[in-house]
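The values are calculated or read from the model by the stated rules, or taken from the named source; none is laboratory data. As the structure is a prediction and not an experimental result, all values here were calculated from the model. Here Cβ is always computed from backbone atoms with ideal geometry, including for glycine, and neighbour counts include all displayed protein chains. Accessible surface areas use protein heavy atoms only, side chains included; no ligands, DNA or RNA. Shrake-Rupley method; radii C 1.70, N 1.55, O 1.52, S 1.80 Å.
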Amino acid sequence: MKPGPTSRRDVLRASGLAALGVSLTGCAASAGSSLVLPEPRRRFARVRVSEDRIIRTVVGLRPFRPAGFVVKAERLGPKTVVHNYGHGGGGVTLSWGTAELAVDEAWATGEKRFAVLGCGAVGLATARLLQQRGGDVTIYAKDLPPNTTSNIAGAQWSPYTVVDDDRRTPEFEELMARAAHLSHRRFQQLPRAEYGIRWLENYVLSDHPFPPRSGRDPIGDLFPDAHELRPSEHPFASPYVRRFTTLLIEPPIYLAALVRDVRLAGGRIVVGELARREDVLALPEPVVVNCTGLGARALFGDDGFVPIKGQLTVLLPQDEVDYIALAGDLYMFPRRDGILLGGTHERGVETLDVNEEARQGIVAGHRALFAAMR
């Protein structure tokens, strides 16, 4: 089976960003004058990559389904169960969008009491949307932030590793585009500082020309300010560089804010494990929204998962670093809790042990990338 996009370059190509070829003008004319002045050069802080600056390495499992995420309702005995899981590496990115689709299904039952399974980004977004419609919500979760899979996410806004290329269908593409647009808009509506959300420039580095645009990109409008840059317009050693702007969400801040919001709106959170389907059927709420991610494999018998192990090495924070760098599989996200260095996607590997060889490769790759900056 052919894997889906597993590098940041693949994501850009899949989303059409790798096809944009608009050049920057590099100069501006002052009003009422023929004098042409150069644009002020943007300053880039170099990330300081060294072993003695590492503060932690974390590992998580992306709940990837080759056929894509699931949003559907089914009847199980006396209950309606609405499934909302299987987002791969796009859980935070798509959370508000698939939550809205799932809430539409749940609300159509006419019930007003809901159980939400899972307290990660998808479960919390689902709970909040149900509350905003007037629903009475209880979250049931094995773990709470900061001990969820969502807390391990780098959380750049980008639908990353969501579906295998050979499993894409026009229907799924339309569904994902709708979820992406709904989610992107919801993130924009949140107070950015309070929820740990920022707009950041992304710089995609390549040794080869970016491919030409082919066809209409259904989510290309969600990556604004996309330009191919001349060598004089960036400090990187790569011969080809493309810039675009996207959101970066910081899970430690963001998830804690959503937990607070759920509780302030009267929601209840019950911590404990639901080990069997019978445990779900015994819950008092008539409608259950399943946002368990990989947990749906055991709880509801979905054997369509192929987990993808991801690993991040985190450096001491550098407040002066205000951009994202993407080079092949390597990516650097600057957050307030540290500089995130990533670049692994071990398909089908479910251990949460640190891969030391991969860690060393990530650090060495980023050290070389930033040492070569002008």
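With Cβ to Cβ distances under 9 Å as the rule, what net charge do the other residues near Gly88 carry (K, R +1; D, E -1)?
+2
Can you tell me the accessible area per residue over region 218-297, all protein chains present, probe 1.4 angstrom, in square angstrom?
Here the per-residue accessible area is 40 Å².
Could you run the Karplus curve 6.51 cos²θ - 1.76 cosθ + 1.60 with θ = phi - 60° over region 108-116 and give me ³J(HN,Hα) per residue in whole Hz, x for Gly and Pro?
5, 6, x, 7, 10, 10, 9, 9, 10
Pick from Asn202, Asn151, Asn355: which is most flexible by mean-square fluctuation in a GNM of the chain where alpha carbon atoms under 10 Å apart are linked?
Fluctuation is largest for Asn355.
Can you tell me the length gained on complete extension of the stretch Trp199 to Ala282, counting 0.36 nm per residue apart and subtracting the Cα distance?
25.5 nm
Taking H as built 1.01 Å from N, whose amide H comes closer than 5 Å to the amide H of Ala73, not counting residues under 5 places away?
Answer set, sorted by chain and number: His83.
Just to be sure I understand: of the beta bridges DSSP finds with both ends in the chain, what percent are antiparallel, rounded to 5?
65
Return the Rg/Rh ratio of region 250-338 with Cα-based radii and a Kirkwood Rh.
So for region 250-338, dividing Rg by the Kirkwood Rh gives 1.09.
Quickly estimate the mean residue ellipticity at 222 nm for the chain, helices only: each DSSP H run with n ≥ 4 gives -39500 (n - 2.57), and the total goes over all residues, rounded to 500.
-8500 deg cm²/dmol
Evaluate E = 1/(1 + (r/R0)^6) for Met373 and Ala67, where r is the Cβ-Cβ distance and R0 equals 56 Å; express this FRET efficiency to the nearest 0.05.
For Met373 and Ala67, the calculated efficiency is 0.85.
Among Gly91, Gly328, Gly118, determine the one that fluctuates most according to a GNM of the chain built with springs between C-alpha atoms less than 10 Å apart.
Per the Cα network of the chain with a 10 Å cutoff, Gly328 tops the list.
What net charge is computed for the residues neighbouring Arg186, neighbours being all others with C-beta under 15 Å from the C-beta of Arg186, Lys and Arg scored +1, Asp and Glu -1?
Result for the local shell: +1.
What list of ³J(HN,Hα) couplings, whole Hz, do you get for region 349-361 from phi and the Karplus terms 6.51, -1.76, 1.60, once you set θ to phi - 60° and write x for glycine and proline?
My calculation for region 349-361 gives 9, 10, 6, 9, 6, 5, 7, 5, 5, 5, 4, 5, x Hz in order.
Using the 2.2 N^0.38 Å rule of thumb for compact globular proteins, work out how region 174-271 stacks up: its C-alpha Rg over that value, please.
1.44
Determine the sum of side-chain charges near Leu264: Lys and Arg each +1, Asp and Glu each -1, restricted to other residues whose C-beta is under 14 angstrom from that of Leu264.
+2
If only Cα atoms are counted, what is the Rg of the chain, and what is its Dmax, in Å?
Radius of gyration, then largest Cα-Cα span, for the chain: 21.5, 77 Å.
7 Å from Cα along Cα→Cβ at both Arg192 and Arg347: what's the point-to-point distance in nm?
Reported label-point gap for Arg192 and Arg347 is 3.6 nm.
How about region 269-343: which trypsin sites (Lys or Arg not before Pro) there are in a DSSP loop, with at most 16 other Cβ atoms within 10 Å of their Cβ?
When the trypsin sites (Lys or Arg not before Pro) of region 269-343 are filtered for loop state and at most 16 Cβ neighbours within 10 Å, Arg276, Arg336 remain.
Between Ser50 and Asp225, what's the calculated FRET efficiency when r is the beta-carbon distance and R0 is 30 Å? Round to 0.05.
Between Ser50 and Asp225 the formula returns 0.40.
I need two numbers for region 322-374: Rg to one decimal and Dmax as a whole number, Cα atoms only, in Å.
Just the Cα atoms of region 322-374 yield Rg and Dmax of 12.2, 40 Å.
How big is region 183-227 by Rg and Dmax over its Cα atoms, in Å?
When restricted to Cα atoms, region 183-227 yields Rg and Dmax of 14.3, 40 Å.
Given a cut-off of under 8 Å on Cα pairs at least six residues apart, what relative contact order in percent is computed for region 278-357?
Relative contact order comes out at 28 percent.
Explain nothing, just compute: Karplus ³J(HN,Hα) = 6.51 cos²θ - 1.76 cosθ + 1.60, θ = phi - 60°, for every residue of region 133-140 in order, whole Hz, x for Gly and Pro.
8, x, x, 9, 10, 10, 8, 10
First measure r as the distance between the Cβ atoms of Thr109 and Arg336, then evaluate 1/(1 + (r/R0)^6) with R0 = 30 Å and state the FRET efficiency to the nearest 0.05.
After rounding, the FRET efficiency stands at 0.15.
Just how many % of Cα pairs in region 77-228 lie over 27 Å apart, if you round to the nearest whole percent?
Cα-Cα pairs in region 77-228 separated by more than 27 Å: 29 percent.
Going 7 Å from the Cα of Lys142 along its beta-carbon direction, which residues of region 281-309 have the amide nitrogen within less than 17 Å of the resulting point?
Answer for this model: 281, 290-309.
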